[in-house]
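To start, the structure itself, in structure tokens.
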Amino acid sequence: MDDLDRKIEEALNEEDRSLMSEFGEQGLWAQLGGLFQGKLAWFTAIIFIIATITVAIGLYAAWKFATVDDMTAMVRWGGLAWAGLTVQMMIKLWSWMRMESNRVIREVKRLELQIARLQANTGG
């Protein structure tokens, strides 16, 4: 917790502190689980299945690449290994970007909640 976070914490009343602790920052596993919630949960499940399949294909192709003797077969297996593992990396990047956007949206909603509570307390 840095100095700014500490000052914000001190400015909150007890009700706000309990609310903020309930909706505070999520850990890595909670963020990953958040990918399987909401409107795109079905899409995330399909993407993770595809990622698992491409990892298996990429690893198998890499093993075949290392064990074949023919240069043409090596190029083919190497290309398939590269393609499978590249697709898997792209899916991971997509997942990390989606986790980050979910985190930003969560923070914006926390700010909206604080503004709404402030308006309610001031009679605005």
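The values are calculated or read from the model by the stated rules, or taken from the named source; none is laboratory data. Treat the numbers as computed from the prediction; the structure is a model and nothing was measured. When we count neighbours, we look across all protein chains shown, and the Cβ atoms used for this are built from the backbone with ideal geometry, even at glycine.
Before moving on, here are some points about what is shown:
Matching residues to (1) farther than 24 Å from residue 94 by Cα; (2) modelled with pLDDT under 90:
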| residue | (1), (2) |
| --- | --- |
| 3 | yes, yes |
| 8 | yes, yes |
| 31 | no, yes |
| 43 | no, no |
| 46 | no, no |
| 51 | no, no |
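- Residue satisfying all of: in the range 46-105; of a type in the set (D, E, K, R) and in contact (Cβ under 8 Å) with a residue 24 or more places away in the chain; surrounded by the fewest Cβ atoms within 10 Å (Cβ to Cβ) among these: 92
- Any hit, the range 26-38, residues being farther than 17 Å from residue 100 by Cβ and of a type outside the set (A, V, I, L, M): no
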